[in-house]
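Participant: Sending over a structure as structure tokens; questions will come in a sec.
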Amino acid sequence: MSIKQIIKNNPTYIQLAKFVVVGVINTIVDFGVLNILIFATQISSGAYFSVFKGISFTAAVINSYVWNRFWTFKDTQEKNPAAQFGKFILISLVGFGINIGIASLVVNLIRPQFGMSAQLWANVGAICATAIAWVWNFTGYKLWAFRKDD
């Protein structure tokens, strides 16, 4: 069986690939907003960093819902979009906690390593957080928020 046949027979692979693309876009939104806030204030650690990370993550989640609903999981026939959005938000809020918690742990408790600047280390923390939150979010969105009852 070829790779093309395996992918065709399992739409999860296509969804996962689309989710990664959406995730990259979301990450650009997340990091873009985060770095604009860091640049504008010159604050890259402490409580304000956590607030900035929350703001940037929220912007990415809004972007994520639109792209995942209409492109990744192609769920345009949802009979109860309010309930679906509630599920999406619940999964995203847990992802939000994971994202901010991991980023804050890396930035505020581990502190910069290998001679990195505080600004670069803030991005390392954000990368670690994003990777873990991606796994949580894909699993939750696929199995609960955008689940197809075929």
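Participant: Give the stretch 73-84 a look and list any residue that's more than 16 Å from the chain's Cα centre (by Cα) and either of a type outside the set (Gly, Ala, Ser) or under 22 Å from residue 16 (Cβ atoms) (or both), or say none.
Facilitator: Listed by number, the residues that qualify are 74, 75, 76, 77, 78, 79, 80, 81, 84.
Participant: Okay, next question. May I ask you to verify whether residue 140 is closer than 18 Å to residue 34 by Cα, within 17 Å of the chain's Cα centre (by Cα), at pLDDT 90 or above and not hydrophobic (A, V, I, L, M, F, W, C)?
Facilitator: no
Participant: Quick one: residue 94 ticks every box in (1) within 19 Å of residue 135 (Cβ to Cβ); (2) surrounded by 19 or more Cβ atoms within 10 Å (Cβ to Cβ) bar one, so which box is it?
Facilitator: Going through (1) within 19 Å of residue 135 (Cβ to Cβ); (2) surrounded by 19 or more Cβ atoms within 10 Å (Cβ to Cβ) one by one, residue 94 breaks only (2).
Participant: Assess whether residue 121 counts as being within 24 Å of residue 50 (Cα to Cα), among the aromatic types (Phe, Trp, Tyr), at pLDDT 90 or above and crowded, with 18+ Cβ neighbours inside 10 Å.
Facilitator: yes
Participant: Within the stretch 1-45, how many residues turn out to be farther than 21 Å from residue 137 by Cα and loosely packed, with under 13 Cβ neighbours inside 10 Å?
Facilitator: Summing the residues that are farther than 21 Å from residue 137 by Cα and loosely packed, with under 13 Cβ neighbours inside 10 Å in the stretch 1-45 gives 12.
Participant: Scan the stretch 87-132 residue by residue and report those that are of a type outside the set (A, V, I, L, M, F, W, C) and touching an Asp or Glu at 6+ places or on another chain (Cβ under 9 Å).
Facilitator: Step one: filter the stretch 87-132 for residues of a type outside the set (A, V, I, L, M, F, W, C), giving 87, 92, 95, 97, 99, 101, 104, 108, 111-113, 115, 117, 119, 123, 125, 130.
Listed by number, the residues that qualify are 99, 130.
Participant: So residue 122 fits all but one of (1) within 14 Å of residue 26 (Cα to Cα); (2) in contact with a Ser or Thr (Cβ under 7 Å, 6 or more places away or on another chain); what number is the exception?
Facilitator: (1)
The values are calculated or read from the model by the stated rules, or taken from the named source; none is laboratory data. As the structure is a prediction and not an experimental result, all values here were calculated from the model. Neighbour counts run over all protein chains shown; Cβ positions are idealised from the backbone, glycine included.
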